[in-house]
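Below: the structure, in structure tokens.
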Amino acid sequence: MYYTNKDIFVLSAVGCMDTERDGLESILAGNEEGAKGCCLSVDMTADGIAVLSSDGYCVSADGVRMNISDYTYAELHQTAPQLVPAGQAIDLARACHAKIAITVHNQTLLPQLRMTLRHANYLDNTIFVGLGLVEAARIAVANPDLHIMGELPALPDNIDALVRAAQTTGLFGLRAAAGDLTPKLITACRRAGLFTMSLPTGSERTLAGLIHSGVNFIETQRPDIAAMLLPAGESEPHPIPLMRY
């Protein structure tokens, strides 16, 4: 039996529970508070190393912002030792049995991330987010082994046409703001075998609505609240790999 698009997963957002952004503590804190996954944001150093970075820079001990793409990993690590390699974060998520959502700021990192995830036997537990619909569709066609989510900028007038296009191009699902994840969109995605994911939220009311609607991946800064709102049994981690339904 595989995961289906009726399952619900709480994913801890970057810096959840007031932890440091782009740090390993966020993964641990989310796991301890009941999250079944974590969201990572990845960028590439000048020498091609994947590191955690939500904003494209890291901050040195004296407060200087250093653009990730302008320095080698050794240079960045020397002045900002808190910088975390993506592989280390993936290993920790794997140890926590957590699903992973990765925002990739530099698409040339995809082959490296694929190799790292395959080596960790965790490719099927990872989805890639942060890509516009057209861009996501192009990458999904070229990389059928990757779970690619398309970002929905706004709720379209013709939901059925959007879902058909997403299904045809091989997208894993659609990610949108909570207000755009309407029952009609969720139902259409479910019928097409697509998954849905929310943008990050910490609102208890919004979290309750997303869970009630059956959104599959709920990104939140408050996984503790979301875990308490899940129906009985949903808060337990599933031991089977994430696959298309």
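Which value, in Å to one decimal place, does the Kirkwood hydrodynamic radius take for region 24-104 when every pair of different Cα atoms is included?
Every distinct Cα pair counted, the radius reaches 13.0 Å.
Counting DSSP beta bridges in the chain, what percent are antiparallel, to the nearest 5?
So the antiparallel bridges in the chain amount to around 20 percent.
How much length is gained if the chain between M228 and A161 is pulled fully straight, taking 0.36 nm per residue apart and subtracting their Cα-Cα distance, in nm to one decimal?
20.6 nm
Hey, what's the chain come to in accessible area per residue, 1.4 Å probe, Å²?
Per-residue accessible area for the chain comes out at 46 Å².
Just subtract the alpha-carbon distance of R205 and A142 from 0.36 nm times their residue separation and send over the number in nm, one decimal.
Here the segment from R205 to A142 would lengthen by 18.8 nm.
If each residue of separation counts as 0.36 nm, what is the full-extension length gain between D18 and E32 once their alpha-carbon separation is subtracted?
In short, 3.7 nm is gained.
About the Cα centre of region 1-43, how large is the charge dipole given +1 on each Lys and Arg Cβ and -1 on each Asp and Glu Cβ? Please answer in debye to the nearest 20.
The dipole magnitude comes to about 300 debye.
Just to confirm a number: summing +1 for Lys and Arg and -1 for Asp and Glu over residues other than T79 whose beta-carbon lies under 13 angstrom from that of T79, what do you get?
With Lys, Arg at +1 and Asp, Glu at -1, the neighbours total -2.
Report in % the part of the accessible area of the chain that belongs to carbon and sulfur, leaving out ligands and nucleic acids; probe 1.4 Å.
Roughly 53 percent of what the probe reaches on the chain is carbon or sulfur.
Among the lysines, which fall within straight-line cross-link reach of K36, defined as a Cα-Cα distance under 22 Å, with same-chain neighbours fewer than 8 residues apart omitted?
Once the sequence-local lysines are set aside, what remains near K36 is K6, K99.
Take the alpha carbon gyration tensor of region 1-63, find the square roots of its eigenvalues, order them as a ≥ b ≥ c, and report rounded if a/c is under 1.5; if not, report prolate when a/b exceeds b/c, else oblate.
It is oblate, given that a/c is not under 1.5 and a/b is not larger than b/c.
Angle, helix 183-192 long axis vs. longest principal axis of the chain, Cα atoms, 0 to 90°, nearest 10?
It works out to around 90 degrees.
The values are calculated or read from the model by the stated rules, or taken from the named source; none is laboratory data. Computed from a predicted structure; not experimentally measured. Cβ: placed from backbone, ideal geometry, glycine included. Neighbour counts: every protein chain shown. Accessible surface areas use protein heavy atoms only, side chains included; no ligands, DNA or RNA. Shrake-Rupley method; radii C 1.70, N 1.55, O 1.52, S 1.80 Å.
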